[in-house]
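Read through the structure below, which is laid out as structure tokens, and then see the notes.
The values are calculated or read from the model by the stated rules, or taken from the named source; none is laboratory data. All figures in this text were calculated on a predicted structure; none of them were measured in a lab. Cβ: placed from backbone, ideal geometry, glycine included. Neighbour counts: every protein chain shown.
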Amino acid sequence: MHWMRRRGCPVALLSIDCFNAGSLPHEDNVIFVVSTTGQGDTPDSMKAFWKFLLQRNLNQWWLEGVHYAVFGLGDSGYQKYNGLQFVAEKLDKRLLDLGAVAIVERGLGDDQHPSGFILERWRITFPMLIKMLQRSPSN
Ligand SMILES: Cc1cc2nc3c(=O)[nH]c(=O)nc-3n(C[C@H](O)[C@H](O)[C@H](O)COP(=O)(O)O)c2cc1C
């Protein structure tokens, strides 16, 4: 993350259980890196945040003006690999439903992938994402 700061892109890195979900509408750009555990379950650290996001009283404009990217970590050796319908996809869909705008297509990391975690497409899209954040008006 230091290299992002060096490139003029101020960034706060924190575990999701240290982030107040109610303040999400005040963020300009958020990158979510989420893993899948159990049998396609959200990690414990994400449970309160996820419960908050599922509240029925949040409408389709709640996250208007928020730009986001979701990167899911999983393992295709598990029956419920995150790319199919689990944590990363659920989060991505809910953020869209609440009016946020995706900056890049959802990325998926697979522990079984021969080149490691990052799928090839995110090798290309991640640097693009950083460039877009550097250009965003709030920075
Ligand atoms: C107990 C356990 C359950 C997991 N269940 C899933 C799963 O259902 N789907 C999936 O895609 N990955 C699953 N994974 C893989 C993790 O998401 C993946 O290994 C993790 O994101 C990488 O973190 P690590 O290096 O700490 O393992 C599971 C991992 C563990 C340890």
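Give the residues of region 28-48 that are within 20 Å of E105 (Cβ to Cβ) and charged (D, E, K, R), sorted by residue number. Residue satisfying the conditions is D28 alone. Considering only residues in region 90-117 that are surrounded by fewer than 17 Cβ atoms within 10 Å (Cβ to Cβ) and modelled with pLDDT under 90, the one that is farthest from the chain's Cα centre (by Cα) turns out to be P114. Residues in region 23-56 that are touching a Ser or Thr at 6+ places or on another chain (Cβ under 9 Å), charged (D, E, K, R) and under 22 Å from H67 (Cβ atoms): 1 in all. All of (1) closer than 14 Å to V30 by Cβ; (2) away from the ligand (no atom under 16 Å from the Cβ) hold for D92 with one exception: (2). For the subset of region 27-37 comprising residues that are farther than 12 Å from G72 by Cα and buried (at least 17 other Cβ atoms within 10 Å of the Cβ), which member is nearest to the chain's Cα centre (by Cα)? Once the filter is applied, the top-ranked residue is V30. Count, please, the residues in region 38-53 that happen to be under 16 Å from the mean Cα position of the chain (by Cα) and outside any helix (DSSP H, G or I). Here the count works out to 3. So for region 36-45 (the condition being within 22 Å of K131 (Cα to Cα), touching a residue at least 24 places away in the same chain (Cβ under 8 Å) and either hydroxyl-bearing (S, T, Y) or within 14 Å of the ligand (Cβ to nearest atom) (or both)), does at least one residue qualify? Within region 36-45, none of the residues are within 22 Å of K131 (Cα to Cα), touching a residue at least 24 places away in the same chain (Cβ under 8 Å) and either hydroxyl-bearing (S, T, Y) or within 14 Å of the ligand (Cβ to nearest atom) (or both). Selection over region 50-89 of residues that are surrounded by 14 or more Cβ atoms within 10 Å (Cβ to Cβ) and either at pLDDT below 95 or not aliphatic (A, V, I, L, M) (or both) gives a count of 22.
One residue stands out among those in region 101-115 that are without any contact (Cβ under 8 Å) to a residue 40 or more places away in the chain and part of a loop (DSSP other than H, G, I, E, B): the one that is nearest to F126 (Cα to Cα), which is V104.
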